[in-house]
1. Using alpha carbons only, how many degrees (0 to 90, rounded to 10) separate the axis of helix 191-202 from the longest principal axis of the chain?
2. Of 185, 577, 396, which is farthest along the charge dipole of the chain in the positive direction, counting Lys and Arg as +1 and Asp and Glu as -1 at C-beta?
3. Hey, what's the per residue convex hull volume over the C-alpha atoms of the range 485-549, in cubic angstrom?
4. Taking the Cα centre of the chain as the origin and placing charges on Cβ (Lys, Arg +1; Asp, Glu -1), which of 699, 662, 74 is farthest toward the positive end of the dipole?
5. Given charges of +1 on the Cβ of Lys and Arg and -1 on the Cβ of Asp and Glu, with all other atoms neutral, how large is the dipole of the chain about its Cα centre, in debye to the nearest 20?
6. Where does the chain land at 222 nm, in deg cm²/dmol rounded to the nearest 500, when only DSSP H runs of n ≥ 4 count, each adding -39500 (n - 2.57), divided by all residues?
7. I'd like the orientation of helix 585-594 relative to the chain: the angle between its Cα long axis and the longest Cα principal axis, in ° from 0 to 90, rounded to 10.
8. Two decimals, Cα atoms only, Kirkwood Rh: what is Rg/Rh over the range 746-883?
Amino acid sequence: MSKFITFKEEVELKLNSFLKEQIGRFPGDETITIDLHCHDHNSNVPDELLARILNVPETWLQSEELIRVLRSRGCDAFTVTNHNNTRSCYELIEKGEDILVGAEWSCMVPDYKIGIHVLAYGFTPEQEKKLNKLRTDIYKFQEYTKENDIPTIWAHPLYHYKSTGLPPMEFFDKMSLLFERFEVINGQRDSWQNMLVKVWIESLTREKIGSLSKAFRIPADKYVRDPYLKAMAGGSDSHMGIFTGLTGSKLYVPGLKEITDKKKSELALRAIKAGRIAPFGSHNDTEKMAVTFLDYFCQIGMNMKDPGLLRMLLHKGESKDKFIAFAAANGFMELKRHKTTFNFLKVFKDCFAGNVPGRVKRFIVSKDYREVFKLASNMAAIRRNDPEKSIAAFDLSIYKIFEILNRLLVSRAEKKVEKLNHEHDLSSLKIEEIISGIELPSHFRALFDEDRIPKANRLRSINISKFLDGLSFPFLASAVILASFYTSARVMYKSRQLLDEFADAYGTLRHPERTLWITDTFEDSNGVAMVLKSMLAEIRRRNLPIDILAASSSLESGDHFISVKPVSEFTLPFYKQQPVRIPNLLEIHKLFKEGEYNRIICSTEGPMGMAAVYLKYAYSVPAYFYVHTDWMMFSDKVLRLNDENKSRLRRMLRAFYRQFDGLFVLNRDQQNWLTGRDMGFDPAKVFLTAHWADDGFSPMTTDKQRIFGINGNETVILFAGRISDEKGVMEIPLIMEKVRRMYPDAKIAFAGKGPRENDLKDAMPDAIYLGWVDHEKLPEIYSAADLLILPSRFDTFGCVVLEALSCGLPVIAYNTKGPKDIIISGLNGYLAKNRSDMAEKIIEFLGNKNLRKKFRNESLKRAKEYDPDRIISQFMQDLLRAA
């Protein structure tokens, strides 16, 4: 039986096979080693809009250091391909270096409005001026390079610059007629992307070029000298010098040893023109780019100057881009201001360059940071001694440093919160204060100026400056690390949809269809956790490509379930029943990549909801939200918010839900609300789904004496669930008071516990209280009762309704939300308008034995309609349709 291999392993196998093949193409003693794609400090006008708004270059790497690193990596010919200029090439030539003049040109494809990068070599200063003018039109640019025998390479073909949408597949067909050479191994792109480029280039046969020439009415030799030469090249695309020269090209020069009258740059140019190129490199995922961005962010923190607010406002770009730039500028300026963080950035930067910190620095470092310092020093030693293995060591060390900083941040924050609680009595905070306190002043100084802080709200009366003292370093340093991993994934997977299209088109390297379902609650005693446990059982039974992930201190990972330890766990003063667990976001980031997921479902609006949004944008994957809770009803009935704060909560929910590509809801009321005027979601993106009752819920032979301790002939009305305000339990005494006027012997039983239990016992001391009941024991309780009462207006679905019906127990509930969709009033239960109506319908039910029998039979029929096979099948279809 063949061994199963992961997608990553499949990609790596194909890459290694290709690289092995390329190594054997040319005799080793007749090749020149060159990195055809590398940058230094003269790449000072970035293509990325954010960097341009911030007025920062792509790197601060000096030309001499670049050449030194290239030599140390075995290169014997050199070029510097900065963006749209050759300044470094000519500066090095003036200093006596043998340099192949080159540049990476940002070109525009006018008919598609798509920007691409083109590497060009061996042109003169006069030709450079012409190329700079022509780069706004790739067709004119390529015509000129052909006429002047300037070889070009299309750099990272599947990474493009387009303001909206993706380029169509025909775009690549047309571009294949414009180039003879393509960068197949790019050291900053992941191996999946590189291998798809390779597959595409190999498909460009003589016959296909001929058919494309006819289809686009472009003569095959209009832009290229040899239309059938499709050479593959490699380059590191390194900007910081860390990975420079580890990816590149071997250029074949026949009789190289006998040639003594030509410069290596001349021989290299000749080989490039002839297409005698063999790329080399190694497997790459996101780790290289994460390290690159971490190094870049360190350099920005060390070198950035204030870009100026007016300059940012006047810069072209959308308001969103300028806001992000403004926030980033403030963050980096804060980094520079904070001495410890600034020194940390400098140490990190030196370590990436292989410079081990001196003994003095090691001696004076604070005890709290010594472990961080030691890990950074180890990185420097590995970088210096074995650069090929540095990426794995960097990745592991950076992750450990992030964990240490997180622990330090949480430990210090907990102490500060404890002190704040003592000073401001935060334990008695009401939700009203928190929601109204979630605001940023339009003038930031008000955050730190005690004289301007309004005292009415305890949250706003906290001195932010004092609170942040001691937290700045672990927070800012860990933020820089997380930002580097986020940005690397964002850049790497920006074209994910395009990569999927290429994989489909060429029938290879299709990314697995795997979903990560994340939640803040799984082990807790609540409806969401109960539903997710049922879902996990069905996922396991069907072996669906879905894994559930939750943060937990006690649960262990298992089949289709991943448990991550929270870095912090606490409860909120206004809702102590549900712990808030803060996950390690970098751990989730890595789990998502290693698990080879390509979509997300989220069930909760807490920290894991934020993690879902992070993953969506980092990995460019679709994300969906499963709406279990009606927070507007909860805010009204339980939290008792005023209208102003309910309106603010609604806007916050709308902003959060809008981050998702689709919403799954459990009742039509919720579907109508989300697609209505207040929320405004596209009806095509709001899907109706349902739950089901577990297999154990079916009629059982039981007796009331054993279950309730009463005579078997007595009537029992049952409430099952949390004894709390949102379940409407305090309405039951008033309802039963009216029922008992007609049926004084009618019993009421409660299965569950909750915050209103004592109040309920005071109001109904003669009721039957079963306490907390294990889920598997509920079927016999349902089977022994006569009617289930659910006076909640809060339940989005009402699992308890379906469980009861599955056991033949009719249900009476209010005509709202989930119960309204399940109960057919007058057939398998009742839907009441209010308390009085509920009491009257119970009286009607108790007085009609035939009706009670009919309701039981119809309850069983209705429950069977909620079949897990049908529900899950429809759910999976909607999941794909939403994508």
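Since every read-out is calculated from the coordinates, none of them should be taken as a lab result. Predicted model, so just to flag it, every value in this text is computed and none were measured. Note: ideal-geometry Cβ built from the backbone for every residue, glycine included; neighbour counts use all protein chains shown.
1. Between helix and principal axis, roughly 60 degrees.
2. My answer, from the dipole projection, is 577.
3. Working: hull volume 7.7 nm³, N = 65.
Spread over its residues, the Cα hull of the range 485-549 gives 118 Å³ apiece.
4. Selected residue: 662.
5. Numbers: 126 positive and 116 negative charges, 166 e Å.
Its charge dipole is roughly 800 debye.
6. Values: 36 runs with 415 residues, N = 883.
About -14500 deg cm²/dmol.
7. Once rounded, the angle reads 70 degrees.
8. Numbers: Rg = 16.4 Å, Rh = 16.2 Å.
Expressed as Rg/Rh, it is 1.01.
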